[in-house]
Amino acid sequence: MAAKAGGHAQILVIHGPNLNMLGKREPEVYGRQTLKEIDALLADEAARLNLSLESFQSNQEGLIVDKIQQTVGQASGLIINPGAYTHTSIAIRDALLLLDIPVVEVHLSNTYKREAFRRESMIADIVTGRIVGLGALGYILALQAIAERLQQQR
Ligand code: DQA
């Protein structure tokens, strides 16, 4: 397990492109909650679970790769919604392969109910688990799943 900040395991949440527009972006698909509201829910749940949480959003693939690289040896778990990069990014896949911690892939929408290209995920076969179609609740469930895994490692 990675280093702990103040005794709490560190969990990183990465939100990919266009997720900063939640609330305004296709609300019929993604709901009306903003990213700030989702991050606040995650922060509350992390506090309840005695985890330390950092949320990061970027519209740029390279910055997401940089962030994943910086996670090596630092975080004990990662939640990632790569947005559209899910379907295209070998660079994000390769960066995730550096990690030796639980990684949960989350999608707000049920990507299987949508266009065919959204059914493909470049990371589905290398993550610990995936949650799709449950909106913001998916992130909370991902955090709980990571907490459970970390408990088991103790
Ligand atoms: C998404 C699904 C992707 O297909 C899309 O490009 C997104 C959001 C989701 O959370 O449902 O940006 O990852």
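The values are calculated or read from the model by the stated rules, or taken from the named source; none is laboratory data. Keep in mind the model is a prediction, meaning the values are calculated, not measured. Note: ideal-geometry Cβ built from the backbone for every residue, glycine included; neighbour counts use all protein chains shown.
Below is a table of values for the structure above.
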| read-out | value |
| --- | --- |
| Selection from segment 95-130 of residues that are under 14 Å from the mean Cα position of the chain (by Cα), hydrophobic (A, V, I, L, M, F, W, C) and within 10 Å of the ligand (Cβ to nearest atom) | Val106, Leu108 |
| Members of segment 112-154 that are at pLDDT 95 or above and farther than 22 Å from Tyr30 by Cβ | Asp125, Ile126, Thr128, Ile146, Ala147, Glu148, Arg149, Leu150 |
| Residues located in segment 64-85, provided they are within 16 Å of the ligand (Cβ to nearest atom) and either among the aliphatic types (A, V, I, L, M) or at pLDDT below 95 (or both) | Ile64, Leu78, Ile79, Ile80, Ala84 |
| Scope segment 6-22; condition away from the ligand (no atom under 13 Å from the Cβ) and either surrounded by 22 or more Cβ atoms within 10 Å (Cβ to Cβ) or modelled with pLDDT of 95 or more (or both); matching residues | Ala9, Gln10, Ile11, Leu12 |
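Rundown of residues vs (1) surrounded by fewer than 17 Cβ atoms within 10 Å (Cβ to Cβ); (2) aliphatic (A, V, I, L, M), yes/no style:
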{"residue": "Lys24", "(1), (2)": "yes, no"}
{"residue": "Glu28", "(1), (2)": "yes, no"}
{"residue": "Ser52", "(1), (2)": "no, no"}
{"residue": "Gln60", "(1), (2)": "yes, no"}
{"residue": "Gln70", "(1), (2)": "yes, no"}
{"residue": "Ala75", "(1), (2)": "no, yes"}
{"residue": "Ala84", "(1), (2)": "yes, yes"}
